[in-house]
Amino acid sequence: MASVSTPIVQADDLGKTYGSGETRVVALDGVSVGFAAGELAAIMGPSGSGKSTLMHCVAGLDRPDGGTVTIDGVQTGGLDDRRLTELRRDRIGFVFQAFNLLPVLTAEENILLPLTIAGRTADPEWLESLIGTVGLGDRRHHRPSELSGGQQQRVAVARALVSRPAVIFADEPTGNLDSRSSEEVLGLLRRAVDDFGQTVVMVTHDARSASYADRLLLLQDGRIVHDGPAGGSDDVHARLRLLTDPAA
Ligand SMILES: Nc1ncnc2c1ncn2[C@@H]1O[C@H](COP(=O)(O)OP(=O)(O)O)[C@@H](O)[C@H]1O
Ligand SMILES: [Mg+2]
């Protein structure tokens, strides 16, 4: 465990380029950022600005061309693929736009899956508190097809939380949800930070989602162009307008 003053996630001078020649795209252009324990950070920016690439490189789903990433005291660049997979499994939770639940498993089995794969069992009290927090007590034995989109994404959030990871990365977690289900899922991520001290880094294109965060980062052309307190959705909208139309 890192000490309180050390960021739980630290990225330094990350670079990532796709393609070559005419089709060369600089997706990340020297990005440095740290995330403190117990913080909910939102990353926004225009489509193609590098949000997903940043998240994938920091979370060990992809390798940057240059720069370093340290997660919970472990520098990921030095890990071979097997150890990187283990680090992801043990220290990182993921929530994606697509809920990615296994259709043949019940809600509870899906939540427990990261532990099952690792050959571990859940502390029963923690499992009960988690299922209560995500509000799925009466749905725990239902399969994904019997759940609404919002309920499925709440299962995915519980699954990300179950191993008490150092950090949860969420890429557009409400991208497939209506506004009420979005609020449920965002409220849940907020509570994970407030009640469990969870660290969450969320990519979103929705200003209302970002207003649930403590901190707002804006990406443009593969660089961080703003980093500050998130404020309300009006503040976030104003920031975004400045980004897309500097004369506004
Ligand atoms: N696998 C890939 N191959 C080629 N180009 C890619 C790939 N992934 C992303 N890109 C390019 O990198 C840039 C950043 O993409 P991405 O990180 O997905 O942006 P965002 O998530 O902000 O929309 C875009 O120009 C995108 O087209
Ligand atoms: Mg993206």
Kindly list, by first and then second residue, each pair from a residue in the range 38-53 that is touching a residue at least 40 places away in the same chain (Cβ under 8 Å) to a residue that is near ligand 1 (Cβ under 6 Å from one of its atoms) and part of a loop (DSSP other than H, G, I, E, B), limited to pairs with Cβ atoms under 7 Å and residues at least 6 apart or on different chains.
K51/G45
Hits in the range 9-47 (condition: part of a loop (DSSP other than H, G, I, E, B), away from ligand 2 (no atom under 16 Å from the Cβ) and not charged (D, E, K, R))
G19, S20, A36, A37, G38
Every residue from the range 183-206 that is more than 15 Å from the chain's Cα centre (by Cα) and free of Cβ contacts under 8 Å to residues at least 40 places away in the same chain:
E183, D194, F196
In the range 207-248, the residues that are under 22 Å from G67 (Cβ atoms) and either more than 16 Å from the chain's Cα centre (by Cα) or at pLDDT below 95 (or both)
Q220, D221, G222, R223, I224, V225, H226, D227
In the range 4-40, the residues that are within 15 Å of ligand 1 (Cβ to nearest atom), surrounded by 15 or more Cβ atoms within 10 Å (Cβ to Cβ) and not polar (S, T, N, Q)
A11, L14, G15, K16, V26, A27, L28, D29, V31, V33
Count, please, the residues in the range 48-80 that happen to be in contact with an Asp or Glu (Cβ under 7 Å, 6 or more places away or on another chain) and outside any helix (DSSP H, G or I).
4
When you scan the range 190-214, how many residues do you find that are in contact with a strand residue (DSSP E or B) (Cβ under 6 Å, 6 or more places away or on another chain), surrounded by fewer than 22 Cβ atoms within 10 Å (Cβ to Cβ) and part of a loop (DSSP other than H, G, I, E, B)?
1
Failed criterion for N110 (all others in (1) within 27 Å of Q220 (Cα to Cα); (2) away from ligand 2 (no atom under 16 Å from the Cβ); (3) out of contact with any strand residue (DSSP E or B) (no Cβ under 6 Å at 6 or more places or on another chain) hold):
(1)
Could you list, in sequence order, the residues of the range 153-166 that are farther than 13 Å from L188 by Cα and either surrounded by 20 or more Cβ atoms within 10 Å (Cβ to Cβ) or among the small types (G, A, S) (or both)?
V162, S163, P165, A166
S52 passes all but one of (1) more than 9 Å from ligand 1 (Cβ to nearest atom); (2) under 22 Å from L186 (Cα atoms); which number fails?
(1)
Residue among G175, G231, G187 that alone is of a type outside the set (S, T, Y), surrounded by fewer than 23 Cβ atoms within 10 Å (Cβ to Cβ) and at positive phi
G231
Starting from the range 57-84, take each residue that is free of Cβ contacts under 8 Å to residues at least 40 places away in the same chain and list its partners that are buried (at least 17 other Cβ atoms within 10 Å of the Cβ) and assigned to a loop (DSSP other than H, G, I, E, B), counting only C-beta distances under 7 angstrom and pairs at least six apart or across chains.
T76/G60; L84/G60
Unique match (being farther than 30 Å from H237 by Cα, away from ligand 1 (no atom under 16 Å from the Cβ) and not polar (S, T, N, Q)) among G77, G67:
G77
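The values are calculated or read from the model by the stated rules, or taken from the named source; none is laboratory data. Small disclaimer: the values here were computed from a predicted structure and weren't measured. Neighbour counts are summed over all protein chains in view; Cβ atoms, including those assigned to glycine, are modelled from backbone coordinates with ideal geometry.
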